[in-house]
Amino acid sequence: QVQLVESGGGLVQAGGSLRLSCSASGSIFSIMGWYRQPQGKERELVASITSGGNTNTADSVKGRFTISRDNAKNTVYLQMNSLKPEDTAVYYCQARTLAFGLTFWGQGTQVTVSS
C-alpha cells in the first residue's frame, strides 16, 4: 500500500522560510509534486518534478520555492523562501505513476504565514 508522509509545515513570519518533505513508500514514482489549497479555494499546483529531475513551478512561487527529490530515499522536498501571507494553505504531496495512471496524495500539512 502506497503511503505519502509529509512533514515540515508550521507557522512562520512573512519573509521566512520552511522546508517541506514528503517520503513515499513503494516504488519510484514518475512524477512527484506539491499542491496547495488555501481555505475556501481550489487546490492548485505549486511545483512538480520528474524522476529525471525536470521541474515545473507555478509562476506565483517562481524564484522563491524550489522543488527537489532524492530518488534513493523516495522523497520530495519543497524549499520555500521569502514566504508571503498569500502562501498560507494546506500543502499536499502528490505522487503519480504514469505507467499505471495512478495518483496518490499525502494527508496535507498546514503552512501559515503571518504578516
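Looking at (1) at pLDDT below 95; (2) at negative phi, which one does Cys93 not meet, given that it meets all the others?
(1)
State which residue is surrounded by the fewest Cβ atoms within 10 Å (Cβ to Cβ) when the search covers only segment 47-65 and only residues that are over 21 Å from Leu83 (Cα atoms) and of a type in the set (S, T, N, Q).
Asn54
Is there any pair with a first residue in segment 77-99 that is over 11 Å from Val111 (Cβ atoms) and a second that is open to solvent by 40 Å² or more (accessible area, probe 1.4 Å) and among the β-branched types (Val, Ile, Thr) whose Cβ atoms are under 7 Å apart and which are 6 or more apart or on different chains, and what are they?
Final answer for the pair search is Gln79/Thr66; Gln94/Thr103; Arg96/Thr103.
State which residue pairs qualify: first residue of a type in the set (Phe, Trp, Tyr) and at pLDDT below 95 and inside segment 27-45, second residue surrounded by 21 or more Cβ atoms within 10 Å (Cβ to Cβ) and not in a loop (DSSP other than H, G, I, E, B) in any location, beta carbons under 7 Å apart, and separation of 6 or more residues or different chains.
Phe29/Ala95
Of all residues in segment 9-35 being outside any strand (DSSP E or B) and open to solvent by less than 30 Å² (accessible area, probe 1.4 Å), which is nearest to Asn56 (Cα to Cα)?
Taking the candidates together, the pick is Phe29.
The values are calculated or read from the model by the stated rules, or taken from the named source; none is laboratory data. All figures in this text were calculated on a predicted structure; none of them were measured in a lab. Here Cβ is always computed from backbone atoms with ideal geometry, including for glycine, and neighbour counts include all displayed protein chains. Accessible surface is based on the protein model in full, side chains and every heavy atom, while ligands, DNA and RNA are left aside. Shrake-Rupley method; radii C 1.70, N 1.55, O 1.52, S 1.80 Å.
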